[in-house]
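What follows is one structure encoded as structure tokens, with my remarks underneath.
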Amino acid sequence: MYRFPCSSLSVICRDNGEFDRYLFLDRCSDMVLVDTDVIAKAPAKLLVAGTGDAMATYFEVCACRASGSDNQMTGKSTLAAGDLVTICWRYLQKEEKAAKEAVEAGVCNASLETIVEVNTYLSGVGFESGGLAAVHTIQKGFTFIP
């Protein structure tokens, strides 16, 4: 199981890593603490994976808003969600390269701090209030490929 820290959603996977189901909790976390010094020393591919997820969120929320699809809470995508993922996308374009370079060097810098906030908070609140589309469905399918 893994949980999106700033949402009420958890993803349940089978022991072999295959997607099983979503678990919606009654509420979001009361607090999310992230130690960016720990992230700075983690493999850069993990930061890049989080960034890819955040990028997808931008396009998915735009698609949900354009089509009138429901968000993750079975309501309509909000204006705030659209604005959050737009800000998310802008910071990803501006700061991701420097953040990845910081992780590759094992140090924390302002760009890494920004990308961690974008990947954790803006993307998390954005997808839950904005909605998901094809990208996350395709990703679930990839978990069934050895």
Practice item. Identify all residues within the stretch 54-77 that are touching a residue at least 40 places away in the same chain (Cβ under 8 Å) and surrounded by 17 or more Cβ atoms within 10 Å (Cβ to Cβ); write none if there are none. Key: ALA54, ALA56, THR57, TYR58, GLU60, VAL61, ALA63, CYS64, ARG65, ASN71, GLN72, SER77
Study note, to complete from the structure: Here the residues within the stretch 87-124 that are assigned to a helix (DSSP H, G or I), in contact with a helix residue (DSSP H, G or I) (Cβ under 6 Å, 6 or more places away or on another chain) and in contact (Cβ under 8 Å) with a residue 60 or more places away in the chain are ALA102, VAL103, GLU104, LEU112, GLU113, ILE115, VAL116, VAL118, ASN119, LEU122, SER123
Practice item. Using the structure shown, decide if ALA81 is among the small types (Gly, Ala, Ser) and open to solvent by 40 Å² or more (accessible area, probe 1.4 Å). Key: no
Review point. Mind checking which residues of the stretch 39-53 are farther than 14 Å from THR120 by Cα and either assigned to a loop (DSSP other than H, G, I, E, B) or open to solvent by 40 Å² or more (accessible area, probe 1.4 Å) (or both)?
Key: LYS41, ALA42, PRO43, LYS45
Practice item. Hey, could you check the stretch 6-33 for residues that are among the polar types (S, T, N, Q) and not in a strand (DSSP E or B) and say which is most open to solvent (accessible area, probe 1.4 Å)? Key: ASN16
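The values are calculated or read from the model by the stated rules, or taken from the named source; none is laboratory data. Just so it is clear, the structure is predicted and the values come from calculations on it, not from any experiment. Because the Cβ atoms are built from the backbone with ideal geometry, glycine has one as well, and the counts that use them run over all protein chains shown. We work out accessible area using only protein heavy atoms, side chains counted, and drop any ligands, DNA or RNA first. Shrake-Rupley method; radii C 1.70, N 1.55, O 1.52, S 1.80 Å.
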